[in-house]
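Asker: Sharing a structure, written as structure tokens. Questions coming.
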Amino acid sequence: MLEYRAELFLWALSGSLPLILMGVWTQAAQSGQFGLSPIDFARYFLTVFLIRQFTVVWVIWEFEKEVVEGRLSPRLLQPLDPVWHHVFSHISERFARLPFAIALVGLFFFLYPQAFWIPSLGSSILFIIAVLLAFALRFLIQYTFALFAFWTERANAIENFWFLFYLFFSGLIAPLETFPPIVRDIVLWTPFPYLIHFPTSLIVGLPENVGRGFLITVGWCALFFGLNRWLWRRGLKQYSGMGA
């Protein structure tokens with residue numbers, strides 16, 4: 001990961017959609033119709049940008065290629081579940097991406113100093129735990145979709161379809177506070193808000209039911225973990241090592 005610093009920088013910039021949306025929402029917030037001030041929106045989308053940097057996952061494309069090309073076969077001979085290769089690949093990329101993310105955040109506060117704030121220690125600890133759980137849930141969901149590569153050559157089509165819901169219901173496009181109350185109440189029982197909106201609310205200071213948020217996140221992690229292991233066992237029986 002350290003050898004491809006320019007690529008990492010471009011990947012970090014590619015996740016700058018929240019910073020673009022921040023400009024749109026801060027302008028809209030001046031009308032006073034959303035319950036959040038322009039500063040709140042700025043802090044919210046800056047945090048969304050940070051969370052996206054540390055929760056981005058690409059395992060479905062790697063695993064799909066391994067299955068289709070037969071490169072999974074030698075890994076099955078190792079005394080280690082192949083998933084750990086992908087887990088530590090993602091973790092190492094996070095450490096390599098960290099300096100670029102910090103530099104972009106520093107540039108943001110330099111250009112927009114009125115949005116600077118120092119979160120409390122308690123909020124920071126809860127935020128870190130929520131981000132770690134968000135990454136775990138995001139990885140489990142995508143890796144579960146990746147296992148469909150045992151039956152289809154285009155498992156990433158499932159991810160692309162799921163990504164549409166992720167964009168709108170995770171809080172990436174807009175905070176859930178801007179949603180109609182009945183829609184927000186339904187969405188809060190899905191896994192999407194806990195990938196972005198929940199950890200963002202913890203650090204920004206938006207009202208959030210912390211206990212329920214963590215319980216739902218862990219519950220979805222457990223559900224996808226169980227489904228993942230079931231598909232893995234079924235998939236191995238289907239796998240033929242084509243292309244090896």
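Asker: In the range 179-195, whose amide N lies under 20 Å from the spot 7 Å out along Cα-to-Cβ of V218? List them in ranges.
Answerer: So the set is 188-195.
Asker: Keeping every protein chain in place, order W117, W162, W84 by accessible area at 1.4 Å, biggest value first, i.e. largest first.
Answerer: Largest to smallest exposure gives the sequence W84, W117, W162.
Asker: With N denoting the number of residues in the range 90-223, provide Rg(C-alpha) divided by 2.2 N^0.38 Å, to two decimal places.
Answerer: Normalised Rg, Cα atoms only: 1.17.
Asker: Separate question: I need the calculated FRET efficiency for the pair W162 and I118, taking r as the beta carbon distance and R₀ as 30 Å, to the nearest 0.05.
Answerer: 0.25
Asker: Now a separate question. How many percent of all Cα-Cα pairs in the range 109-153 sit more than 16 Å apart?
Answerer: 63
Asker: Ok, one more. Round to a whole angstrom and tell me the spacing of the C-alpha centers of the range 154-212 and the range 61-96.
Answerer: 28
Asker: Further, regarding this structure: Give me the net charge for the shell around T55: Cβ to Cβ below 14 angstrom, other residues only, Lys and Arg +1, Asp and Glu -1.
Answerer: +3
Asker: May I ask you to evaluate 6.51 cos²θ - 1.76 cosθ + 1.60, the Karplus curve with θ = phi - 60°, for each residue of the range 185-192 and list the ³J(HN,Hα) values in order in whole Hz, giving x for glycine and proline?
Answerer: Couplings: 5, 6, 4, 5, 8, 8, x, 4 Hz.
Asker: Taking the Cβ of L104 as the centre, find all other residues whose Cβ is under 12 Å away and add up their charges (Lys, Arg: +1; Asp, Glu: -1).
Answerer: +2
Asker: Given contacts defined as C-alpha pairs under 8 Å and at least six residues apart, what's the relative contact order of the range 80-203, whole-number percent?
Answerer: Relative contact order of the range 80-203: 30 percent.
Asker: Continuing with this model, one more query. Please work out the average accessible area per residue across the range 135-244, using the 1.4 Å probe convention, and give it in Å².
Answerer: Roughly 47 Å² per residue, with all protein chains present.
The values are calculated or read from the model by the stated rules, or taken from the named source; none is laboratory data. Because the structure is a prediction, the values reported are computed rather than measured. Using ideal geometry, Cβ is built from the backbone for each residue, glycine included, and neighbour counts are taken over all protein chains shown. All accessible areas refer to the heavy atoms of the entire protein, side chains included, with ligands and DNA or RNA removed. Shrake-Rupley method; radii C 1.70, N 1.55, O 1.52, S 1.80 Å.
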